[in-house]
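Student: Here it is, the structure in full.
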Amino acid sequence: MAKRFFSLLIAASVLLSLSVIPAGARTTTLELNADRLVFGLGEGVRVAATTNSRNPVVWTVSDNTVLNNKEGAVRGVGVGVASLIAAVDGVSAEVSIAVRELPKSITANNMTLFVGERERITINFPSRTMSRNRTFESSNPSVASVARNGTVRAVGAGTATITVTVTGGVSTDVRVTVKPVIRVQHVTVAPGGTVQVPVQLDGNAVGQTLYYESSTTSIATVNRDGVVTGVREGCCLIKVTTANGHRAILRATVQANAPPPSRIPQFESFPDDIFWGLNQFVPTMTADRRMKLFDDLEKASFEDAKRISLDFYIEMYGAENEIIGLIIRRYEERFDNHSQVIEFAKSATAEISFIGKGEPTITNAHADKVLSDLRGQNVTNARRMALEFIEYMYGSSHEMVGEAKTRINNCTTTQQVVNYISGVIAGMDQRMNWVW
């Protein structure tokens, strides 16, 4: 009887135990998104907690002379070290936080990157100082852009300055030099001759397949191996593109008695030019005028060279032409030295100059506009405009100008001026409007 009583008592105890321990009961977990933080006096951060409990997390600090706490959002109020403590259901977790003086100066190392590379800026703080809040700003995002966390991305060849600013307005500059991953050299070839395009690859362009394209196959062609063949005298552009999207442009000059290619190529970086693919007619200009532009640019200062060249493009294309806006943007974003302005001018005028040709070239659209403008003038204005046109086309020192001046001054009607200029234009190398 006693034995049966004890058996029943044990069974009842087991049932009672099952009734007070809920099925599926679990242990409370608590995790914080940081275990150690360092920031400057007056700065703050919000710490996040992750828990499986439905109860609210309670936040406290170990030293309120160092940290001010409001539900996990802490701010440094004094220099020192303290803990931010989170607790729920008897489980706790904490973050050790060091609060330091704000810096009075900072430094950061300059960078040299290849196009396409990324690198994060490391800020150097004086001993026992720190600032968690930082901003980054690039002077030239088309060369080097920068993310909010200080990661710099090399966009295009050139230089840029990244300004780093921390709490209190303390700042420093990081000079970023971006090197091209594809460099080429301009080539010169005789009509019927061939020359290999010199190409040098770096960075992530190494080992990539190259693709070549000529802007004007009637002047020079280029095959899949980068061999340029001269067709007739003149200049055109050759575009070189890597399989992963990097591009460079070089000039191909076709002329009689072309010198042999250099045994030691002088590689340069000529970025993808804004003139490539623009639906613009090719302006007219003699080789003499082109050379005068280069002479003027060589003698000018950097700022004067930008002004002279921009005035030239406005004269060639017209102030309202969309290309002028693109050129101005290129000047603002990419040009930081004198040689870049000159090199840009050489590429920009490559198609509109025929080396060794005495006769200027003119498009049908330009010829029609000249004659139309003359017809709307009285004879005095027509003479002046006609002479300006001749000087513009041939250059003021050309022997043609003296003869033209005499002939134009002998014209007594506007129609006679128009007829004379029509004859001059007929002797020029006329071309259709180009889609370049």
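The values are calculated or read from the model by the stated rules, or taken from the named source; none is laboratory data. All values reported here derive from a predicted model rather than from experimental measurement. With ideal geometry, Cβ positions are generated from the backbone for all residues, glycine too; neighbour counts draw on all protein chains shown. Heavy atoms of the whole protein, side chains included, go into the accessibility calculation; ligands, DNA and RNA do not. Shrake-Rupley method; radii C 1.70, N 1.55, O 1.52, S 1.80 Å.
Student: For the pair N223 and T172, what calculated FRET efficiency results from E = 1/(1 + (r/R0)^6), where r is the Cβ-Cβ distance and R0 = 41 Å, to the nearest 0.05?
Tutor: Approximately 0.20, to the nearest 0.05.
Student: Under a plain spin-label model, where a point goes 7 Å from the Cα along Cα-to-Cβ, how far apart in nm are V91 and D311?
Tutor: It is 7.7 nm.
Student: Pop out the ³J(HN,Hα) list for segment 304-313 in order, Karplus 6.51 cos²θ - 1.76 cosθ + 1.60 with θ = phi - 60°, rounded to Hz; leave Gly and Pro as x.
Tutor: 5, 5, 5, 5, 4, 5, 5, 4, 5, 5
Student: Oh, and also: Per 0.36 nm of contour for each residue apart, how much would the distance between A98 and T413 grow if the chain were fully extended, relative to their Cα-Cα spacing?
Tutor: 104.3 nm
Student: So for each of 403-410, 383-390 I average, over its residues, the number of other beta carbons within 10 Å; can you give me the resulting order with the highest mean first?
Tutor: Top to bottom by mean Cβ count within 10 Å: 383-390, 403-410.
Student: Sticking with this one: Report the local net charge at F114: Lys and Arg +1, Asp and Glu -1, summed over other residues whose C-beta lies under 10 Å from its C-beta.
Tutor: -1
Student: With every protein chain present, what is the per residue accessible area of segment 109-178 (1.4 Å probe, Å²)?
Tutor: Here the residues of segment 109-178 average 52 Å² of exposed surface.
Student: Here's something else I'd like to know. Can you give the extra length, in nm with one decimal, that the chain gains between D336 and D63 once fully stretched, where that is 0.36 nm per residue apart less the Cα-Cα distance?
Tutor: 93.0 nm
Student: May I ask you to list the lysines whose Cα is less than 30 Å away from that of K346, ignoring any residue fewer than eight positions away on the same chain?
Tutor: Filter leaves K179, K239, K292, K299, K306, K357, K369.
Student: Could I have the simple spin-label model distance between D304 and E403, label points 7 Å from Cα toward Cβ, reported in nm to one decimal?
Tutor: 3.6 nm
Student: Something else: At what distance in nm do the modelled label points of F294 and A73 sit from each other, each positioned 7 Å from its Cα along Cα→Cβ?
Tutor: 6.4 nm
Student: Around V38, which amide H atoms from residues at least 5 apart in sequence, or from another chain, sit under 5 Å from its own amide H, with H modelled in the peptide plane?
Tutor: Residues meeting the criterion, in which the H sits 1.01 Å from N, are A98.
Student: Please work out the FRET efficiency for the pair E31 and R120, using the Cβ-Cβ distance as r and a Förster radius of 25 Å; give the result to the nearest 0.05.
Tutor: According to the calculation, E is roughly 0.40.
Student: Moving on to the next point. Using θ = phi - 60° and the Karplus relation 6.51 cos²θ - 1.76 cosθ + 1.60, list the HN-Hα couplings for segment 53-69 in order, rounded to whole Hz, with x at every Gly or Pro.
Tutor: Using θ = phi - 60°, the values come out as 7, 8, 7, x, 7, 9, 10, 9, 10, 7, 8, 7, 8, 9, 10, 10, 10 Hz.
Student: Residue by residue through segment 373-384, what is 3J(HN,Hα) from phi via Karplus (6.51 cos²θ - 1.76 cosθ + 1.60, θ = phi - 60°)? Round to whole Hz and write x for glycine and proline.
Tutor: 4, 5, 4, x, 10, 6, 4, 5, 5, 4, 4, 4
Student: Over the Cα atoms of segment 141-251, Rg to Rh with Kirkwood Rh, two decimal places?
Tutor: We get a ratio of 1.18 for segment 141-251.
Student: In addition: Under 20 °C and 1.002 mPa s, how fast does segment 80-204 diffuse according to Stokes-Einstein, given a Kirkwood radius computed over C-alpha pairs? Answer in µm²/s, whole number.
Tutor: 119 µm²/s
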